[in-house]
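Below: one structure, written as structure tokens.
Every number in this text was worked out from the coordinates using simple rules, so none of it is lab data. None of the values given here were measured: they were computed from a predicted structure. A quick note on method: Cβ atoms are made from the backbone with ideal geometry, for glycine too, and the neighbour counts reach across all protein chains shown.
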Amino acid sequence: MSAGPGLRILPALSALAVAGALAAGGWYGYRELAARPIARVEFEGDIARIAPADLEAFARTLRGVPAGSVSLAAVRAAARSIPWVRDASVRRRFPDGLDVSLEAYDALARWGADALVSSRGEVFRAPYTGALPRFQGPEGSAAAMAEEYPVIAKTLAPLASPVAEVHLSERGAWQVVLASGLVLELGRGDIAPRLARFAAAWPGLAARGVETRHADLRYANGFAIRRVADARPAAGPAPAKAAPSEKPHPKPTAKKKK
């Protein structure tokens, strides 16, 4: 005997009621979780480069905020404003936590009065008291300078003096200043072979006692140096002094003619 239409409708209505109850329960559970305040903010990644005080201050801005009102995109943008943070990713940790993964900059050089340059050529601002070379160049040239710097520093290593400054002019001419005070004019092209040629000749110059504070490497097959002695002003011979044990001889007097 087949079931009538009314008997078939009852199971369907029961299924809908069960589904509705589950949906209502799920919505209620979501509202409960969304209303729960954030209690934990966990950091991971390059946190060793970031000041703990900055991380704690950032976490305090999130603790106690209802989880449902927190935008992960907004948290990521705020994390990227922390000094030394290059990028961040954020995910929820139910029921009441956030996990924040941080990527930090690595400082390669100083830029301008108060900025730094990363190894990727990115200009950023963060406190740093360590020793770094200083880059000076036109706006937007930090990336090109960061790309050339490793070759410059490695090639000049035999001179046993670290790079103190790297300058790039508006016309694209390079200049390097070492910590010793030596200034190297590199010109606008082929700076790697010019540096290599000078570094190879440097031991011989040092062995001969050649002192220089300026070298012009803008030559096809050589370079020109300005000797320290050449840069000093010419001075006359110093007046001779009598030895302490000696007495000056009396000046002879001329006799009158009779």
Cut-off is 10 Å between beta-carbons; in what order do Tyr149, Tyr219, Tyr105 appear when sorted fewest neighbours first? Tyr219, Tyr149, Tyr105
Could you work out how far apart the two model spin labels at Asp87 and Ala113 are, taking each label as a point 7 Å from the Cα in the direction of the beta carbon, and quote it in nm? 3.2
With each label point set 7 Å from Cα along the Cα-Cβ vector, what nm distance links Asp54 and Arg80? 1.5
How high is the FRET efficiency from Ala220 to Glu165, r the C-beta distance, R0 35 Å, rounded to 0.05? 0.85
Using 0.36 nm per residue of separation minus the Cα-Cα distance, give me the extension gain between Arg125 and Ala196 in nm, one decimal. 22.2 nm
Note down the magnitude of the dipole of the range 41-149 about its Cα centre, charges +1 on Lys and Arg C-beta and -1 on Asp and Glu C-beta and zero elsewhere, to the nearest 20 debye. 280
Roughly what % antiparallel, to the nearest 5, for the DSSP beta bridges in the range 107-231? 70
Under a point spin-label approximation (7 Å from Cα along Cα-to-Cβ), what is the Arg208-Ile47 distance to one decimal in nm? 6.0
